[in-house]
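This report concerns only the one structure given below.
The values are calculated or read from the model by the stated rules, or taken from the named source; none is laboratory data. Just so it is clear, the structure is predicted and the values come from calculations on it, not from any experiment. Cβ sites come from the backbone with ideal geometry, for glycine too, and all protein chains shown count toward neighbours. SASA here: full protein model, heavy atoms, side chains in, ligands and nucleic acids out. Shrake-Rupley method; radii C 1.70, N 1.55, O 1.52, S 1.80 Å.
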Amino acid sequence: MNAGASAAERAAAHGAGNRPSLWGRLLIALGIREEPAPPDAAMPWLKGAEGEIATQELIDVLIAEGWTVLHDLGLPRSRSNVDHLLIPPSAAGIIVLDSKRWWFTRLTDAVGGRLYCGEEDRHYDAEKAVFLARFVQDVVGLVDLPVLPALVVHGSSVAGGHLQVVVDGWPRPLHVFGPETLLAHLRGRAGTPDPRRAARLAARVAETLHPYVEGDS
């Protein structure tokens, strides 16, 4: 599944994309009426879809470099979804990447180990990323391999291009990237290629995690 598909479906469920009447479309075509804006309730989902699509366009280049890159995966018994899941060529673990699109006029920064966008505390997004990583680790059945959560933030500039924040109960800092630094960091984790091991891990992921479908839980 392409990135952003489930977010776009939820936006549509909140009224985004509803077509105006024939008369309304004629007035729009004549320049008498403007195209209606999406309802407020749909905007978070539309922004989410935009962020996920931007990330997919950025990281899909890694497929040609031996990575497994998957998008919009559902979690069993949950309405949550994994935006992006990556397996490096070494198969030394799994990276669970969550996409965000925040206000471009505000700076994303770490304050006292917590994640902020401007003055707004967004640490719950860091906590959610850790929750998703734990869920994936449990569902896929990984005992010896690490599952590493990370965030990539579009729109809002990330201070220094790369932050680390602390999530209670998680043993390592959570990495938060701007899109300009994400690829270099991922490539630094590629490791020594092990195609057989990578294929086995990708097959295990495919057995346990499937493209997200609204209503499946």
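For the pair Glu120 and Val139 in one chain, pulling the backbone fully straight at 0.36 nm per residue adds 3.6 nm over the alpha carbon distance. Just the protein heavy atoms count here, and of the accessible area of region 79-210 at 1.4 Å, carbon and sulfur take up 53 percent.
Packing here is the average count of other Cβ atoms within 10 Å per residue, and on that basis the peptides 109-122, 66-79, highest first, run 66-79, 109-122. Taken over region 107-175, the ratio of Cα radius of gyration to 2.2 N^0.38 Å equals 1.16. Considering only His175, Gly191, Pro211, and ranking their Cα positions along the charge dipole of region 132-217 that arises from unit charges at the beta-carbon of Lys, Arg, Asp and Glu, the one farthest toward the positive end is Gly191. Does a label point 7 Å from the Cα of Ala159, set along Cα-to-beta-carbon, have any residues of region 99-135 with amide nitrogen under 14 Å, and which are they? So the set is 106-123. Close amide H contacts of Leu107 (hydrogens built in the peptide plane, cut-off under 5 Å, sequence separation of 5 or more or a different chain): Gly118.
With a simple spin-label model that places each label point 7 Å from the Cα along the Cα-to-Cβ direction, the separation between Leu107 and Ala203 comes to 5.0 nm. Heavy-atom accessible area with a 1.4 Å probe sorts His162, His210, largest first, into His210, His162. Ranking Thr181, Thr105 by solvent-accessible area of protein heavy atoms (1.4 Å probe, all protein chains present), from largest to smallest, gives Thr105, Thr181.
Given R0 = 25 Å, the distance between the Cβ atoms of Thr192 and Arg172 translates into a calculated FRET efficiency of 0.70.
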